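The values are calculated or read from the model by the stated rules, or taken from the named source; none is laboratory data. Computed from a predicted model, the values in this text were never measured in an experiment. All Cβ positions, even for glycine, are placed from backbone atoms using ideal geometry, and neighbour counts span all protein chains on display. All accessible areas refer to the heavy atoms of the entire protein, side chains included, with ligands and DNA or RNA removed. Shrake-Rupley method; radii C 1.70, N 1.55, O 1.52, S 1.80 Å.
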Amino acid sequence: MKAIEITKYGAPDVLQLSERQIPELQPGEVLIKVRAAGVNRSDVFQRTGNYPAPPGASDILGLEVAGEIVDGDLDNSNNLFNLTRRQHVCALVQGGGYAEYAAAPLAQCLPVPAGLSDVYAASLPETFFTVWSNVFDLARLGERGAEKALLVQGGSSGIGVTAIQLAHAFGHRVFATAGNIEKCSACEALGAERVINYKTEDFVSIVRSLTNNYGVNVILDMVGGAYVNRELSVLADDGCIVIIALLGGGRAQINLGEVLHRRLTLTGSTLRPRSVEFKAAIAAQLYERVWPLIEYGTVKPVIHKIFPAEQAAAAHTMMELGEHIGKIVLTF
């Protein structure tokens with residue numbers, strides 16, 4: 001099969017199209033003929049040698065794919081959605097997505113939502129699994145009921161556009177940050193009440209003003225670093241900050257007194273090393289609560305650009321430059 005290999009750690013041009021053996025399936029896995037694969041920031045980190053694949057995972061990049069099931073044991077208890085051979089699915093994988101064939105745990109495969117192509121479905125797993133597990137499960141924003149408020153740092157990213165849409169769809173107020181007027185406008189079109197240009201505006205003062213100094217209940221943070229203490233000051237009592245990336249650095253000086261007296265929670269997670277069982281539980285929740293929203297058109301995948309697989313280096317360059325709004329996808 002054709003696959004994109006990392007020839008050595010370095011710049012995007014180390015990604016080269018090559019020939020690999022079709023992966024051998026492990027118990028509980030299916031083989032997917034890949035039509036499209038999502039590109040994620042973690043792929044960039046792995047390419048540069050800063051995010052090694054977990055033990056046992058493929059060294060080929062790619063954490064999400066969509067395509068057709070062509071092999072595997074479908075007659076077992078992991079077949080949560082009664083998937084069949086030749087059915088088109090999207091799947092979360094630990095690696096191996098940048099290839100014509102990928103092995104995926106059956107429990108992490110979801111049927112492609114009605115009305116979506118494989119290309120658009122490939123943009124779903126990594127961001128939707130991440131947002132659901134962090135914003136709704138870990139930080140308990142809540143699906144419906146009492147209105148809460150969410151602040152998304154990096155609203156125009158793939159994670160950001162997903163978080164904005166889901167929180168808005170469930171009736172919550174959403175604020176976000178982004179780096180230019182175009183990105184701010186795009187986030188507001190997706191449901192954000194106000195998007196702050198972090199290069200020219202102060203998110204702390206603006207969010208405080210818009211919430212009458214109450215603050216937000218949940219902050220989804222991809223920055224870390226010096227942002228964390230500022231985020232604490234704009235968090236409502238009993239609120240939660242969830243850190244999922246450290247683009248601004250891994251160290252922060254924070255006011256622990258504020259955490260103590262206002263019962264604040266500072267937490268974080270990475271999805272890739274979690275168990276199949278953990279991810280299967282998220283898949284079940286997504287299928288029940290989110291897939292209908294996608295099929296109704298309430299929530300939509302946002303793709304900035306589609307590249308043929310042999311142009312994976314160009315896709316990574318775009319990711320690094322931060323030019324995109326939403327997802328970048330490779331096709332095979």
For this session: Scan around Lys327 for amide H atoms under 5 Å from its own, H built in the peptide plane at 1.01 Å from N, and keep only partners 5 or more places away or cross-chain.
Result: Val302, Ile303, His304
For this session: Arrange the peptides 96-108, 44-56 so that the one whose residues have, on average, the most other Cβ atoms within 10 Å appears first.
Result: 96-108, 44-56
Problem set entry | Under 5 Å, built H, 5+ apart or other chain: amide partners of Val93 | Glu64, Val65
Exercise. Looking at region 112-189 from every direction and averaging, what is the projected area of its Cα convex hull in nm²?
Worked result: 5.6 nm²
Exercise. Measuring with a 1.4 Å probe in the full set of protein chains, what accessible area per residue, in whole Å², belongs to the chain?
Worked result: 43 Å²
Problem set entry | 5 angstrom amide H check on Ala36, placed H, neighbours 5+ away | Ala66, Phe332
Problem set entry | Charge-dipole axis of the chain as Lys and Arg at +1 and Asp and Glu at -1 on Cβ define it, positive-most pick from Ala146, Pro55, Gly72 | Ala146
Problem set entry | Proximal lysines relative to Lys305, as straight alpha-carbon distance under 27 Å, when same-chain residues fewer than 8 apart are discounted | Lys2, Lys8, Lys33, Lys183, Lys199, Lys327
Exercise. Given the rule -39500 (n - 2.57) for each run of at least 4 DSSP H residues, summed and divided by the residues of the chain, what is its mean residue ellipticity at 222 nm, to the nearest 500 deg cm²/dmol?
Worked result: -7000 deg cm²/dmol
Exercise. Which option, [x] 166; [y] 126; [z] 157, is the value of volume of the Cα convex hull per residue in Å³ that was calculated from these coordinates?
Worked result: [y]
Seminar exercise, completed: Note: region 228-300, point scatterers on Cα, Debye, no solvent; log10 I/I(0) at q = 0.14, 0.25 Å⁻¹ equals -0.70, -1.02
Problem set entry | Karplus 3J(HN,Hα) series, Hz, for region 121-134 with 6.51 cos²θ - 1.76 cosθ + 1.60 (x for Gly, Pro) | 5, 5, 8, 8, x, 4, 6, 6, 4, 5, 5, 5, 5, 8
For this session: Apply the Karplus parameterisation 6.51 cos²θ - 1.76 cosθ + 1.60, with θ equal to phi minus 60°, to every residue of region 276-283 and state each ³J(HN,Hα) to the nearest whole Hz, in sequence, with x for glycine and proline.
Result: 4, 4, 4, 5, 5, 5, 5, 4
Exercise. Relative contact order (percent) for the chain, with alpha-carbon contacts under 8 angstrom and 6 or more residues of separation?
Worked result: 18 percent
For this session: Lys and Arg at +1, Asp and Glu at -1: add these up for the other residues within a Cβ distance under 13 Å of Arg272 and post the number.
Result: 0
Problem set entry | Packing rank of 154-162, 208-216, 283-291, where each peptide gets the mean count of other beta carbons within 10 Å, highest leading | 154-162, 283-291, 208-216
For this session: Please tell me the relative contact order of region 105-264 in percent, rounded to the nearest whole number, where contacts are Cα pairs under 8 Å and at least six residues apart.
Result: 18 percent
Exercise. At a Förster distance of 25 Å, what's the computed FRET efficiency of Phe278 paired with Asp237, Cβ-Cβ distance as r, to 0.05?
Worked result: 0.25
Problem set entry | Surface share of carbon and sulfur [accessible, 1.4 angstrom probe, percent] for region 156-283 | 52 percent
Problem set entry | Sequence ranges 170-183, 236-249, ranked by mean other-Cβ count within 10 angstrom, highest first | 170-183, 236-249
For this session: Averaging sequence separations of C-alpha pairs under 8 Å and six or more residues apart, then dividing by the length of region 232-278, give the relative contact order as a whole percent.
Result: 50 percent
